[in-house]
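Working notes, structure below.
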Amino acid sequence: MSAKDIEQSFVILKQTVPLLVKHKIPAVPTNYALWYTYVSNDSPELNEQLDAAVESDSPISELKAKDLYRNFVSDEKVNVWELRQSLEGMMLELSQSLKDTKSETQDYKNLMDSCIDDLSKVEKEGWSVEEVLGLVRNMVKESQVIRQSTISFNGALASAEKEIARLKSQLQASQQEALYDALTGLCNRRYFDSEINTKLDLDKCCLALIDIDHFKKINDNYGHQMGDLVLKAVAKKIQSCCREQAQAFRYGGEEFAVIMPGVEQSRARQMADVMRRQIEKINVKDRRTGESLGDITVSIGVAQLESNEDSAHFIERADKLMYEAKRLGRNRVMPMG
């Protein structure tokens with residue numbers, strides 16, 4: 001590093017430390033790196049997220065800081081969602097390879113059956129030597145084709161097994177520190193628990209708990225494959241509807257949560273109803289079976305943070321409102337507008 005670079009780093013650091021003090025940010029290495037990058041203006045997207053947090057007076061949790069660090073500062077990123085997608089893609093490719101090999105094997109069996117029939121005619125019909133040799137050459141040629149196909153599949157299988165083992169190992173190693181739900185790609189429950197506790201001192205904050213209606217029936221009637229597709233589709237809609245620093249999480253099972261800092265209940269209820277109406281439009285198709293499923297609905301409870309309230313009570317109130325929405329017929333937001 002040149003003397004000029006050292007001088008520039010010192011200038012940036014002198015601007016970074018007062019920011020940590022001003023916004024009451026813990027002086028830990030992750031936060032130093034985040035705000036150093038902020039002052040350096042090396043990542044406009046990071047700056048945008050930090051500016052929004054400061055503007056809304058919304059504290060950044062330890063897990064949120066780690067998440068931002070991994071996404072915008074660290075070179076070593078282990079994304080559980082990407083790992084899962086890699087595994088799924090590999091299994092699909094392997095499945096297709098197996099289907100192709102199975103099809104070629106059936107074609108080979110049919111050809112061999114035909115050749116055996118022809119061989120039985122050799123003596124009866126007095127085939128010439130040339131005709132018999134032609135039949136044998138054809139059998140040898142097709143045997144080589146199926147042998148090569150089998151070798152290729154076995155090679156693909158061995159390679160896939162090694163790669164799957166590597167990805168599974170990487171996935172397991174990162175699971176404890178993972179911040180995202182592997183199925184939906186949303187922030188997970190651990191991340192939610194961290195974030196909700198940082199919002200308890202805000203003047204305004206709302207929480208929406210969202211539950212998919214009759215989800216057990218979807219699994220029972222269409223299978224868990226379709227159930228997973230529904231969870232992914234609902235998660236995507238919820239995420240797309242998040243505005244004004246709202247953050248979506250997979251709370252557990254078929255439940256989702258959205259934290260809305262700086263928002264009053266009337267506005268939060270409007271946002272939740274937009275989500276509800278967007279989810280109504282979902283039509284999920286299982287490409288594997290060709291089945292499609294619409295009429296997906298959710299019940300939503302929206303609670304506004306009360307003064308001196310702890311996270312457990314805050315969540316409990318939102319949960320009760322969600323169950324009230326179910327009791328009143330589902331596919332609605334409570335409290336009523």
Do the conditions hold for residue 184, that is, is it surrounded by 21 or more Cβ atoms within 10 Å (Cβ to Cβ) and not aliphatic (A, V, I, L, M)?
yes
Any chance you could count how many residues in segment 23-44 are in contact with a Phe, Trp or Tyr (Cβ under 7 Å, 6 or more places away or on another chain) and not β-branched (Val, Ile, Thr)?
3
Contacts under 6 angstrom Cβ, first residue in segment 173-191 being over 14 Å from residue 259 (Cα atoms), partner among the charged types (D, E, K, R) and modelled with pLDDT of 85 or more, 6 or more apart
181/250; 184/232; 184/250
Within segment 144-156, is there a residue that is in contact with a helix residue (DSSP H, G or I) (Cβ under 7 Å, 6 or more places away or on another chain), at pLDDT below 90 and of a type in the set (Phe, Trp, Tyr)?
yes
Just checking, how many residues over segment 29-58 are open to solvent by 60 Å² or more (accessible area, probe 1.4 Å) and either outside any helix (DSSP H, G or I) or in contact (Cβ under 8 Å) with a residue 60 or more places away in the chain (or both)?
3
Report yes if residue 311 is of a type in the set (S, T, N, Q) and modelled with pLDDT under 95, otherwise no.
no
Of all residues making up segment 302-317, the number that are acidic (Asp, Glu) and surrounded by 19 or more Cβ atoms within 10 Å (Cβ to Cβ):
0
Being in contact with a strand residue (DSSP E or B) (Cβ under 6 Å, 6 or more places away or on another chain) and modelled with pLDDT under 95 narrows it down to one residue among 217, 199, 204; which is it?
199
Could you grab the pairs with beta carbons closer than 6 Å, sequence gap of 6+ or different chains, first residue in segment 279-301 and open to solvent by less than 80 Å² (accessible area, probe 1.4 Å), second one small (Gly, Ala, Ser) and outside any helix (DSSP H, G or I)?
300/208
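The values are calculated or read from the model by the stated rules, or taken from the named source; none is laboratory data. Being a predicted model, the structure only gives us computed values, none of them experimental. Positions of Cβ are backbone-derived with ideal geometry, glycine not excepted, and every protein chain shown enters the neighbour counts. The area values use the complete protein model at the heavy-atom level, side chains included, leaving out ligands, DNA and RNA. Shrake-Rupley method; radii C 1.70, N 1.55, O 1.52, S 1.80 Å.
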